[in-house]
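K.L.:
Next up is a structure, given as structure tokens.
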Amino acid sequence: MIAVPGDTPAETISAMIADEAAIGMINNKTTAVRVIPAPGCEVGDMVEFGGLLGRAPVMEVNKYSSELFTEEVEEYQRQYIHLKIKQIYIRLLQDDFD
């Protein structure tokens, strides 16, 4: 579990999760990460999650924006979906002629 400051942008958290997923894909292993924003906490504060979840220090996060990365991923997803729709449409047309 990784606690990050509560003001960490969603794009940065998304990029952290994508990085972890890429590591798993490259190593052909299942991986996971829990990134938990801690509102009102600063770097170095301890966050108590309670029960078996324990506690974690609030970690420093790179302040450079990950927005461009997430925009590129969204564009890739749009293109992929568009391609899949085209493939389905072509198959439907082929079935009509068979």
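K.L.:
Any idea which of 36, 26 is closer than 29 Å to residue 1 by Cα and either surrounded by fewer than 13 Cβ atoms within 10 Å (Cβ to Cβ) or free of Cβ contacts under 8 Å to residues at least 24 places away in the same chain (or both)?
P.N.:
Checking each option against the conditions leaves just 26.
K.L.:
Consider region 51-84. How many of its residues are within 14 Å of residue 3 (Cα to Cα) and not in a helix (DSSP H, G or I)?
P.N.:
Qualifying residue count, region 51-84: 9.
K.L.:
Can I ask one more? For region 3-18, name all the residues that are buried (at least 17 other Cβ atoms within 10 Å of the Cβ) and over 14 Å from the mean Cα position of the chain (by Cα).
P.N.:
Scanning region 3-18 gives 3, 4, 5.
K.L.:
Same structure again: Could you look through region 50-73, keep only residues that are closer than 17 Å to residue 13 by Cβ and among the hydrophobic types (A, V, I, L, M, F, W, C), and pick out the one that is surrounded by the fewest Cβ atoms within 10 Å (Cβ to Cβ)?
P.N.:
Only one residue tops the list, namely 68.
K.L.:
For residue 75, work out the one condition from (1) outside the structural domain of residue 18 (by TED's automatic domain parsing); (2) among the acidic types (Asp, Glu); (3) touching a Lys or Arg at 6+ places or on another chain (Cβ under 9 Å) it doesn't fulfil.
P.N.:
Every listed condition holds for residue 75 apart from (3).
The values are calculated or read from the model by the stated rules, or taken from the named source; none is laboratory data. If you're wondering where the values come from, they're calculated on a predicted model, not measured in any experiment. Reconstructed Cβ throughout: ideal geometry from the backbone, glycine too, with neighbour counts over all protein chains shown.
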